[in-house]
Structure formats: structure tokens, C-alpha cells
Amino acid sequence: MVFQPLYQRIVVSYCGKPATKKYSGFIIGRNEVAVNISYVYMSVADEALINCMLIAQTSESVLGFAGVGKVIGIGLNVSDVREGDKVIVYADNSGVAQSIHIADRRGLIPFNAKGFNDLEALVIAVFSVSKDIVESVKGANVLIVGKDLSIIPFALESQLNSSKMYTMPGYTLWPDIVKGEHVSVYDTSPLYDVAVVATYDPLVLSLVSRMAREGATIILHPLLMPLAKFMEFKSSSNISLKSMKFGDIGNGIQVYEKLKEVVNSRIKPLDILTYLEKPTHPAAVALQSS
């Protein structure tokens with residue numbers, strides 16, 4: 001057991017308004033690493049939990065999809081990271097909105113890229129969708145919908161290399177960046193070969209499959225995959241489901257560099273109290289500010 005000054009977590013009890021809880025110690029197990037998280041990304045999945053659209057695995061869930069920080073402790077069998085290393089960590093069974101996060105070594109990525117501060121590294125982490133998955137939009141008719149930063153790599157690739165790109169006004173982030181032919185959520189004509197979906201809106205989720213061409217693919221934010229079980233994604237059109245995969249840091253850096261000025265002007269870190277008073281998504285929250 002390692003004791004230190006109080007650290008805090010941002011949690012929801014089942015669902016509803018988020019709150020903070022404070023703790024005075026932590027345990028680092030075998031193959032685990034303790035990370036002092038500086039910034040955490042609140043994603044569409046966190047918004048879904050707060051709004052009771054996702055069912056938590058436990059009565060109390062820690063929020064936060066991705067975080068960046070420094071290693072402050074390592075467990076047995078961990079030899080390839082050191083205290084002081086900057087790392088990126090993604091949520092698995094527990095969110096990362098906690099100023100001290102214990103992660104399995106396999107679940108974190110050392111971030112050695114020079115010239116990026118912690119907030120920039122956090123945005124890069126969210127843009128780091130696997131290049132293989134992003135390139136599945138090449139040559140396809142693509143529908144992109146959702147208010148989460150994870151759609152941005154797909155939008156940039158689609159604008160360059162897809163046959164046609166569609167978006168849903170009012171349901172999609174940054175319409176000046178995510179540009180495409182507008183379609184209504186109530187449109188039922190077969191439009192797309194690939195849909196990129198990062199929303200928990202039940203209306204969108206229930207209707208998006210009706211716009212699919214035969215054999216279409218729907219790519220979902222990974223933490224929203226459980227919602228697919230309740231929607232009509234598996235239809236006579238032989239729709240296949242894929243999950244976004246994160247951790248391609250090289251791709252994340254490329255996307256960030258293309259949009260650096262825009263991102264820096266729009267993603268302003270919130271302190272914990274501001275976030276708790278009015279949860280905002282997407283958002284970066286500074287865990288060391290209070």
C-alpha cells in the first residue's frame with residue numbers, strides 16, 4: 001500500500017449527475033502501473049452514462065475515456081516503463097478520470113513525442129484511431145454522425161478519399177470541419193457503404209441502419225458497442241459492426257497537426273468544479289487543478 005495526499009475520482013452512481021470522491025491511498029499490483037493523470041477526456045460514452053443511456057457494470061462508475069499523465073509507481077514484472085515517463089491510458093473496465101489511475105501495463109502507451117504538452121497529448125490520444133480502420137472509408141460512400149472527437153480522423157480521410165461523404169446537421173460535431181452532403185435522420189434511402197457513429201442518441205441509432213447499402217459496415221465508438229445489441233443494426237442488408245480502435249499515436253499526431261489551430265481554439269481544459277456543475281462533451285478536464 002502506498003499512502004500519499006488525497007487524490008480524487010469523478011464518478012457517477014449508476015447514472016446521473018457526476019460527483020467527486022477522494023481517496024488517501026492506492027495499491028499497485030503485479031503488471032500494473034500507477035499514473036498521475038493530468039488531463040482526462042470526457043467522451044460521448046461519458047455523456048451517455050450520465051444521461052442513463054448506458055448501463056454501468058457497477059453501481060458506481062469512474063468517468064473518462066482517455067487520460068495523459070506521468071508514471072509515479074510500477075509493480076512487479078514491469079520493466080519497460082519508468083517513473084517519470086509520460087503515458088497515455090484508455091478506459092477499459094474503469095474510467096481514467098482519477099488523479100491517480102492504476103492501469104495494466106498492456107493498457108497504457110508511452111508517449112515520447114517531443115514538442116507536445118499534456119493537453120496536446122490528450123487530443124492526440126483521442127485522434128489516434130487505427131489507420132487501418134480509418135482507411136476503410138476509402139472509395140466508399142460514407143456517413144459520419146456524432147459529437148465526439150473520434151469522428152475527426154474519419155472525416156479528414158473521407159473528404160480526401162471517399163466517393164461521397166454524408167453528415168447529419170445538428171447531430172454532428174464541428175460542421176465547418178466535418179463537411180459533407182446533408183441528410184436527414186429520417187431519410188431511409190440506401191446511402192452509405194460505411195457509417196462512422198459516435199452518438200448514443202436512440203433516434204439516430206435506430207434509424208441509421210435503414211440508410212445502409214447491402215453489406216454496409218457501421219464503425220462505432222468502442223464504449224457504445226453495448227448499445228448495438230438494442231438497435232436494429234443486424235438487418236437484411238447484412239450490416240457488419242466494427243469498433244474503433246485507439247492507440248495509433250502516429251496517426252493521431254498527423255490528424256492533430258492538420259487541425260492544430262482549430263483544436264487549440266476549441267478544446268479549452270475545464271477544472272473539475274466547472275465540469276461537475278455543467279457536464280460538457282466533448283471536454284478535457286484538468287485533474288490537477290483543484
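Of note:
- The condition of being surrounded by 15 or more Cβ atoms within 10 Å (Cβ to Cβ) and free of Cβ contacts under 8 Å to residues at least 60 places away in the same chain holds for only one of Leu276, Leu259, Leu207, that being Leu207.
- Residue in the stretch 81-91 that is of a type in the set (A, V, I, L, M, F, W, C) and in contact with a His (Cβ under 8 Å, 6 or more places away or on another chain) present: yes
- Considering Ser163, Ser184, the condition of being among the hydroxyl-bearing types (Ser, Thr, Tyr), within 20 Å of Leu205 (Cβ to Cβ) and open to solvent by 10 Å² or more (accessible area, probe 1.4 Å) is satisfied by Ser184 alone.
- Among the residues of the stretch 94-115, the one identified as open to solvent by less than 30 Å² (accessible area, probe 1.4 Å) and in contact with a helix residue (DSSP H, G or I) (Cβ under 7 Å, 6 or more places away or on another chain) is Phe111.
- Taking first residues from the stretch 90-115 that are in contact (Cβ under 8 Å) with a residue 12 or more places away in the chain and partners that are in a loop (DSSP other than H, G, I, E, B) and buried (at least 22 other Cβ atoms within 10 Å of the Cβ), the Cβ contacts under 6 Å between residues at least 6 apart in sequence or on separate chains come to Ala91/Phe65; Gly95/Leu63; Gly95/Gly64; Val96/Gly64; Ala97/Leu63; Ala97/Gly64; Ser99/Leu287.
- Met231 touching a helix residue (DSSP H, G or I) at 6+ places or on another chain (Cβ under 8 Å), open to solvent by 30 Å² or more (accessible area, probe 1.4 Å) and at pLDDT below 95: yes
- Residue in the stretch 121-144 that is closer than 15 Å to Val204 by Cα and touching a residue at least 24 places away in the same chain (Cβ under 8 Å) present: yes
- Enumerated strands (runs of 3 or more DSSP E) restricted to the stretch 169-259, each holding at least 1 residues that are under 21 Å from Gln159 (Cα atoms), within 21 Å of the chain's Cα centre (by Cα) and of a type in the set (A, V, I, L, M): 192-198, 212-220
- First in the stretch 227-245 and among the polar types (S, T, N, Q), second anywhere and part of a loop (DSSP other than H, G, I, E, B) and at pLDDT 65 or above, Cβ under 9 Å, 6 or more apart: Ser237/Pro190; Ser243/His221
- Per this entry, Leu220 is not counted among residues that are in contact (Cβ under 8 Å) with a residue 60 or more places away in the chain and closer than 23 Å to Met53 by Cα.
Each row is one residue, and each column tells you yes or no for (1) over 18 Å from the mean Cα position of the chain (by Cα); (2) hydroxyl-bearing (Ser, Thr, Tyr).
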residue	(1), (2)
Gly67	no, no
Ser79	yes, yes
Asp85	yes, no
Val96	no, no
Ile100	yes, no
Ile124	no, no
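- Ile133 being crowded, with 16+ Cβ neighbours inside 10 Å and modelled with pLDDT of 95 or more: yes
The values are calculated or read from the model by the stated rules, or taken from the named source; none is laboratory data. Not measured: the values here are computed from a predicted model. Positions of Cβ are generated from backbone atoms using ideal geometry, with glycine treated the same way; all protein chains shown enter the neighbour counts. Surface areas here come from the heavy atoms of the whole protein model, side chains and all, with no ligands, DNA or RNA. Shrake-Rupley method; radii C 1.70, N 1.55, O 1.52, S 1.80 Å.
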